[in-house]
Amino acid sequence: MMNIILDTDIGPDCDDVAALAMLNLYARDGLCRILGIGHCTSSPYGAGCIDAICRYYGHDDVPIGTFKGEGFLVGEAFSRYNRHLMETMPNRYRDHQPEDAVTLYRRLLSQAEDGSVEFISIGPLNNLANLLNSPADEVSPLNGVELVRRKVRRLTAMAGVFPSQVAEENEVAFAWLNKPAVEEPEFNVNCDLRAAQRVANDWPTEKVYLGWEAGMVDTCAPLQQTAEEGNPVRVAYRLYTGAGRLSWDLLTVEYAVHPQSDLLRTSGKGFVTFDDRSRTIWTPDPQGDSCFLEWNKPAAEIADYINTLLARSR
């Protein structure tokens, strides 16, 4: 069974909630095992929100960690739903915070079999960079880079903007920006550029990127009519948009956990770097350690699949 560690910024956008719901549904189906989840902002509501969602889907013992730095992505703009879910749904973290995310990751990785962990990142890359920077300790004699190299099979990350070869994908992205998407910085990269550069340059396993352009699939609006009132996806999307939202994090989880799905396909191999303006530099190379994801089905078909999955009862 696939072992998953998820790193999320749950709060700045609502797609993290649906992505976490998908992960829990797939775990319930036996497609994966959730080893642990890390929260990568300074928000005091993230860990409780994560735990509440996992508990809603029947997973009440998922190990959770959080970023211990101060002042990173906090405030009302980043708490439009996570505070509400933390305060209104059962969870372990209403009055305290869990352990540091890197401490959690080092312990989980040290206990895992070699090459057995799929790492998923759906937020800024600060926790991952901090993991790479971590020294040997009482948990493991390996430093962060060595530990990741030994234990992780692949990193799938929602980060960057890439030159898709799919016409529909490019048309949708261009309509949003009125210019080529590859000229733009991407949120997760721009929030902590140095961390993104560290991961792109030094993460020692295969890396698969879901770029901004590949997430331009609108999902979850039907849940406002079909899901039960207390469904956390329905609640979060109602508080954040009142409707649906684009599917960056959902599709990242979909590819990482559900490899037999044909909704997405990978590009050829290459190398990814991020310049000092947070723009993505893609260099095709058969010897590269990275690739990016493209649509393999029309956007409407991808959306139908996601909506049907999330409409399932808990």
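The values are calculated or read from the model by the stated rules, or taken from the named source; none is laboratory data. This is a predicted model, so every value here is computed, not measured. No Cβ is skipped: glycine too gets one built from the backbone with ideal geometry, and neighbour counts run over all protein chains shown. Keep in mind that these areas ignore ligands, DNA and RNA; they rest on the heavy atoms of the full protein, side chains included. Shrake-Rupley method; radii C 1.70, N 1.55, O 1.52, S 1.80 Å.
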Exercise for review: Before anything else, pin down the relative contact order of the chain: Cα pairs under 8 Å, at least 6 apart, normalised by residue count, whole percent.
Suggested key: 19 percent
Practice item. Mind telling me which of G244, G48, G160 comes out most flexible in a GNM of the chain, alpha-carbon contacts under 10 Å? Key: G244
Exercise for review: Using only the Cα atoms of region 50-105, build the gyration tensor, take square roots of its eigenvalues as a ≥ b ≥ c, and label the shape rounded, prolate or oblate: rounded if a/c is under 1.5, else prolate if a/b is larger than b/c, else oblate.
Suggested key: oblate
Review point. Taking Cα centroids, how far is region 152-190 from region 217-291 in Å?
Key: 10 Å
Revision key, fill the gap. Heavy-atom accessible area of region 1-154 with neighbours in place, 1.4 angstrom probe: carbon+sulfur share in percent works out to 46 percent
Practice item. With a Förster radius of 41 Å, plug the Cβ-Cβ distance of S313 and E146 into 1/(1 + (r/R0)^6) and report the FRET value to the nearest 0.05. Key: 0.40
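Test of the criteria: in region 183-228, which GluC sites (Glu not before Pro) are in a DSSP loop and have at most 12 other Cβ atoms within 10 angstrom of their Cβ? Present the calculation step by step, with values, prior to reporting the outcome.
On the way: sites: E183, E186, E206, E213, E228; in loops: E186, E228.
Passing both the DSSP loop test and the Cβ count: E228.
Looking at the square roots a ≥ b ≥ c of the eigenvalues of the Cα gyration tensor of the chain, which shape do they give, rounded for a/c under 1.5, prolate if a/b is larger than b/c, or oblate?
Working: a/c = 1.39, a/b = 1.01, b/c = 1.38.
It comes out rounded by the Cα gyration axes.
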Review point. In debye to the nearest 20, how big a dipole does region 1-151 give about its Cα centre with +1 on each Lys and Arg Cβ and -1 on each Asp and Glu Cβ?
Key: 140 debye
Review point. Magnitude of the Cβ-charge dipole of the chain, K/R +1 and D/E -1, about the Cα centre, nearest 20 debye?
Key: 420 debye
Point to revise | Top of A159, A175, A200 by mean-square fluctuation, Gaussian network on the chain, Cα under 10 Å | key: A175
Exercise for review: Could you calculate the contour length gain from S110 to V139, that is, 0.36 nm times the residue separation minus the distance between their Cα atoms, to one decimal place in nm?
Suggested key: 9.7 nm
Practice item. Run the quick spin-label model on E228 and E76: label points 7 Å from Cα toward the beta carbon, then report their separation in nm to one decimal. Key: 3.3 nm
Revision key, fill the gap. Over the chain, the sum of -39500 (n - 2.57) across DSSP H runs of at least four, divided by residue number and rounded to 500 deg cm²/dmol, gives at 222 nm -11000 deg cm²/dmol
Study note, to complete from the structure: Taking a ≥ b ≥ c as the square roots of the eigenvalues of the Cα gyration tensor, with a/c under 1.5 meaning rounded and otherwise prolate when a/b exceeds b/c and oblate if not, region 165-314 is prolate
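Let me check I've understood the local charge: for R107, count other residues with C-beta under 12 angstrom from its C-beta, Lys and Arg +1, Asp and Glu -1. What total comes out? It would help to have the intermediate numbers written out before the result.
On the way: positive: R106, K151; negative: E99, D100, D137, E138.
Computed value for this residue: -2.
For N190 and A243, what does the FRET efficiency come to when R0 = 25 Å and r is the distance between their Cβ atoms, rounded to the nearest 0.05?
0.45
With the contact rule set at Cα under 8 Å and sequence spacing of 6 or more, what percent relative contact order holds for region 269-314?
Numbers: 37 pairs, mean separation 14.5, N = 46.
Normalised by residue count, the contact order of region 269-314 is 31 percent.
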Exercise for review: Any chance you could run the full-extension gain for R265 through Q165? It's 0.36 nm times the residue separation minus the Cα-Cα distance, nm to one decimal.
Suggested key: 34.9 nm
Point to revise | Heavy-atom accessible surface of region 170-311: percent carbon and sulfur, 1.4 Å | key: 50 percent
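With a 1.4 Å probe and every protein chain left in place, work out the accessible area per residue of the chain in Å², rounded to a whole number.
Numbers: 12260 Å² over 314 residues.
On a per-residue basis, 39 Å².
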Exercise for review: Using only protein heavy atoms and a 1.4 Å probe, report how much of R312 is accessible, in Å² to the nearest 10.
Suggested key: 80 Å²
Check your understanding: Comparing D304, D285, D95, which has the greatest mean-square fluctuation in the GNM of the chain with Cα pairs linked when under 10 Å apart?
Key -> D95
